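Below is one structure, written out as structure tokens; comments come after it.
The values are calculated or read from the model by the stated rules, or taken from the named source; none is laboratory data. This structure is a prediction, so every number in the text was calculated from the model and none was measured. A quick note on method: Cβ atoms are made from the backbone with ideal geometry, for glycine too, and the neighbour counts reach across all protein chains shown. To get the accessible areas, we keep the full protein, side chains included, count just its heavy atoms, and leave off ligands, DNA and RNA. Shrake-Rupley method; radii C 1.70, N 1.55, O 1.52, S 1.80 Å.
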Amino acid sequence: MLKDLLRGTGVALVTPFDEQGAVDFKALERLVHFVIDGGVNYVVTLGTTGETPTLSKEEKRDVIQCTFSSVAARVPVVIGAGGNNTPHVIEEIASFPVEKAAAILSASPYYNKPSQEGIYQHYKAIAESTTRPIILYNVPGRTGSNMTAETTVRLARDFANINGIKEASGNLAQCMQILRDAPADFMVVSGDDNLAMAQVALGMDGVISVAANCFPKDFSRMISLALGNDFATARTLSNRLLVGYDLLFAENNPAGVKAFLAELGIIKNYLRLPVVPLSQGLHQQVRTYLGTLRESGIHA
């Protein structure tokens with residue numbers, strides 16, 4: 001069952017670039033080793049944190065292959081494939097080596113702002129085009145529209161291979177409705193790092209995280225403790241990371257997490273337009289915060 005296979009912390013990997021703007025595959029390999037050694041339960045490649053709108057088809061395929069090679073079957077791999085052109089998403093999934101993936105993570109269509117019926121029909125077409133498990137991704141802050149709990153539950157009930165959702169609406173009442181009404185084997189994970197511990201308390205199965213790129217040991221441990229109902233210890237870790245969550249998303253994702261990873265020596269601090277690196281003042285706050293974490297015993 002997918003919710004057992006992907007229980008805990010998944011990490012939405014960034015895509016490292018070099019000085020010339022090309023994908024830095026050596027850095028991607030270092031990042032994969034870093035997060036797996038840090039205890040994440042699975043990795044997500046080509047999520048929106050990976051700057052996928054700026055990657056070519058060839059680059060996406062190469063990133064997938066590098067991810068699988070670097071992971072070397074140590075943890076499951078989820079492949080991101082989403083967009084606002086339904087036939088294009090279906091074509092992209094058909095061109096990816098999805099047979100090796102635990103699931104496909106597919107964001108709700110952005111910019112078009114479809115109706116709930118349009119969202120349903122979009123996912124229906126994708127589900128009917130593949131036999132692989134599909135994880136819905138509701139992220140209104142990026143897409144401009146919310147997928148309601150009713151639409152999520154309808155999709156979960158109607159399609160055997162729609163097996164989960166990354167819920168990033170930030171609406172706890174909506175999350176609770178999904179948890180109440182979806183089939184028992186439907187996986188529900190958080191898409192909001194700062195809410196993940198609380199959402200596990202509501203009954204979620206874990207998180208697909210940005211923060212786990214740069215805080216893999218302590219973030220993964222926090223989620224594991226929460227899943228084990230040790231919220232007192234989990235809360236201590238979460239409280240220490242609260243400032244980090246704010247810094248990660250203060251200007252742009254993945255500008256924040258790439259600044260952290262550059263300071264840790266995992267990648268170089270390059271992004272593709274229209275995303276730019278953090279402003280100098282905010283980057284200094286990242287540097288200062290990392291020093292504070294090290295002094296307090298947090299693994300960073």
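Side notes on the structure shown:
- Listed residue (Thr15, Ala156, Ala212) projecting farthest to the positive dipole end of the chain, Cβ model: Ala212
- Computed about its Cα centre, the charge dipole of the chain is approximately 240 debye, with only Lys, Arg, Asp and Glu carrying charge at their Cβ.
- Estimated FRET transfer efficiency (Ser56, Gln177; beta-carbon r; R0 45 Å; 0.05): 0.70
- The chain - share of DSSP beta bridges that are antiparallel (%, nearest 5): 5
- Taking all protein chains as they are arranged and a probe of 1.4 Å, the heavy atoms of Asp246 leave approximately 110 Å² accessible to solvent.
- Residues whose placed amide H lies under 5 Å from that of Gly206, excluding near-sequence neighbours: Gly8, Ser190
- Over 32 Å between alpha carbons, listed pairs Lys26/Lys113; Lys100/Lys217; Lys26/Lys124; Lys113/Lys268: Lys26/Lys113; Lys26/Lys124; Lys113/Lys268
- For Val11, residues with placed amide H under 5 Å, excluding near neighbours: Tyr42, Val43, Val44, Ser209
- Structure-based [θ]222 nm, the chain - -39500 (n - 2.57) summed over DSSP H runs of at least 4, per residue, nearest 500: -14500 deg cm²/dmol
- If you take all other residues with their beta carbon under 15 Å from the beta carbon of Thr131, and give Lys and Arg +1 and Asp and Glu -1, the sum is +1.
- Shown is the FRET efficiency for Gln20 and Lys100, computed with R0 = 25 Å from the Cβ-Cβ distance and rounded to the nearest 0.05: 0.25.
- Most mobile of Asn194, Asn85, Asn163 in a GNM of the chain (Cα contacts under 10 Å): Asn85
- Global geometry of the chain, whether rounded, prolate or oblate, following the gyration tensor of its Cα atoms and the 1.5 cut on a/c: oblate
- Backbone geometry of region 207-219 corresponds, through the Karplus equation with coefficients 6.51, -1.76 and 1.60 at θ = phi - 60°, to 3J(HN,Hα) couplings of 7, 10, 10, 7, 4, 5, 4, 10, 10, x, 5, 7, 5 Hz, x marking Gly and Pro.
- Cα gyration tensor shape for region 118-265, rounded if a/c is under 1.5, else prolate or oblate: prolate
- Listed residues Ala103, Ala125, Ala173, most fluctuating in the chain (Gaussian network, C-alpha, under 10 Å): Ala173
- Chain lengthening between Phe159 and His88 when straightened (0.36 nm per residue, less Cα-Cα): 23.5 nm
- Stretch gain in nm, segment Arg287-Ala72, where the contour uses 0.36 nm per residue and the Cα spacing is subtracted: 74.2 nm
- About its Cα centre, the dipole of region 1-90 is roughly 380 debye, where the only charges are +1 on Lys and Arg Cβ and -1 on Asp and Glu Cβ.
- Between Phe231 and Gln116, the modelled labels are 2.9 nm apart [label points 7 Å from Cα along Cα→Cβ].
- Here the Gaussian network model covers the chain, with springs between Cα atoms less than 10 Å apart; of Ser279, Ser106, Ser209, Ser279 fluctuates the most.
- A dipole drawn for region 161-261 from +1 and -1 charges on Cβ atoms has a positive end, and of Gly170, Met197, Gly244 the residue lying farthest that way is Gly244.
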